[in-house]
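Participant: Take this structure, written in structure tokens, and hold onto it; I'll ask about it next.
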Amino acid sequence: MDPNTALENIRSAMRLIIARSDEGAETVSIHLAMALAESAEALDEWLSDAGCLPAAWADAYTSVTYTTND
């Protein structure tokens, strides 16, 4: 399982669902819903088994600066 591909699939499905909603659609195809669900499930399993973050998330995480109030 490639976490980068899974994340891209999730983001793509989300964009399509949002676009359909913006067009006034009240439903989406089961194919699109299943693509989103399967990619989210695969990424969840990957991360739950201590897999590495998708690159987009890892890059964002490493660029965060943390400060303490000590």
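Participant: Using θ = phi - 60° and the Karplus curve 6.51 cos²θ - 1.76 cosθ + 1.60, what whole-Hz ³J(HN,Hα) does each residue of the range 48-58 get, with Gly and Pro shown as x?
Facilitator: 5, 8, 6, x, 6, 5, x, 4, 4, 6, 4
Participant: Let me ask something else. Candidates (i) 4.7; (ii) 7.0; (iii) 4.1; which is the computed mean projected area of the Cα convex hull in nm²?
Facilitator: (ii)
Participant: Quote the charge dipole size of the range 2-70 about the Cα centre in Debye, to the nearest 20; the model charges only the Cβ of Lys and Arg (+1) and of Asp and Glu (-1).
Facilitator: Value, rounded to 20: 220 debye.
No lab work stands behind these numbers, since they all come straight from the coordinates. Model, not experiment: these values are computed from the prediction. All Cβ positions, glycine included, derive from the backbone under ideal geometry; neighbour counts span all protein chains shown.
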